[in-house]
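Any read-out appearing in this document is the output of simple, stated calculations on the displayed coordinates, not a laboratory observation. Everything numeric in this text was worked out from a predicted model, so none of it was measured. Cβ placement follows ideal geometry from the backbone for every residue including glycine, while neighbour counts extend to all protein chains displayed.
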Amino acid sequence: MKTTLLNESEENLAQLTYSVIVEREKEGSYKATVWGLADCEATGDTKETALKSINQLLTARLENAEVVVQEMALPKSENPWIKFAGMYKDNPLFNDMVSEMEADRREVDAEMEEYYRKIDAEEKNKC
């Protein structure tokens with residue numbers, strides 16, 4: 001896991017972008033909520049007032065906080081198919097089964113080829 005703190009020079013240049021949901025309340029006021037921070041919400045008589053209030057609230061909240069960028073390695077998961085690899089290697093019917101599958105595949109491929117030839121011929125006859 002890698003953690004990076006913004007240093008003094010970067011901190012002055014750092015800006016946060018956040019999404020705010022602004023909703024008009026039944027009584028005509030506006031409620032602004034920072035997306036993902038349900039406890040960070042403010043109200044106002046106008047949309048602009050609600051947004052100004054939410055900006056002040058968020059600024060106050062972040063005043064004693066620091067921005068940290070953290071990288072984490074994902075846990076490596078095992079391929080779920082590995083446990084089945086080679087399970088039929090000693091089965092005497094395995095080669096017969098593979099031969100049947102190959103024959104079925106050739107038959108389906110031939111049927112599809114014939115189908116596409118008919119479609120192509122019909123298209124040429126329309127022109």
Worksheet item: Mind listing the phi-derived Karplus ³J(HN,Hα) values for region 94-108, rounded to whole Hz, using 6.51, -1.76 and 1.60 with θ = phi - 60°, and x for any glycine or proline?
Response: 4, 4, 5, 5, 5, 4, 4, 4, 5, 5, 4, 5, 4, 5, 5
Worksheet item: VAL20's amide H: which non-local residues (gap 5+, or another chain) put their own amide H closer than 5 Å, with H modeled 1.01 Å from N in plane and none for Pro or chain starts?
Response: TRP35
Worksheet entry | Computed over region 49-116, the ratio Rg/Rh where both radii use C-alpha atoms and Rh is Kirkwood | 1.58
Worksheet item: Roughly how many debye, to the nearest 20, is the charge dipole of the chain about its Cα centre, given +1 on each Lys and Arg Cβ, -1 on each Asp and Glu Cβ, and no other charges?
Response: 320 debye
Worksheet item: Which peptide among 106-112, 70-76, 120-126, 57-63 comes first, and what is the full order, when sorted by highest mean count of other Cβ atoms within 10 Å?
Response: 57-63, 106-112, 120-126, 70-76
Worksheet, complete the sentence: Helix 47-63 sits off the longest principal axis of the Cα atoms of the chain, rounded to the nearest 10 on a 0 to 90 degree scale, by 90 degrees
Fill in: Segment SER29-ALA73, extension gain: residue separation times 0.36 nm, minus the distance between their alpha carbons
11.3 nm
Fill in: Euclidean distance between Cα centres, region 19-50 to region 104-127, Å
61 Å
Practice prompt. Quick one: which residues, 5 or more positions from TYR88 or on another chain, have an amide H under 5 Å from its amide H? H modelled 1.01 Å from N in the peptide plane, none for Pro or chain starts.
Written response: none
Worksheet item: How long, wide and thick is the chain, going by the Cα atoms along their three principal axes, in whole angstroms, largest first?
Response: 74, 53, 34
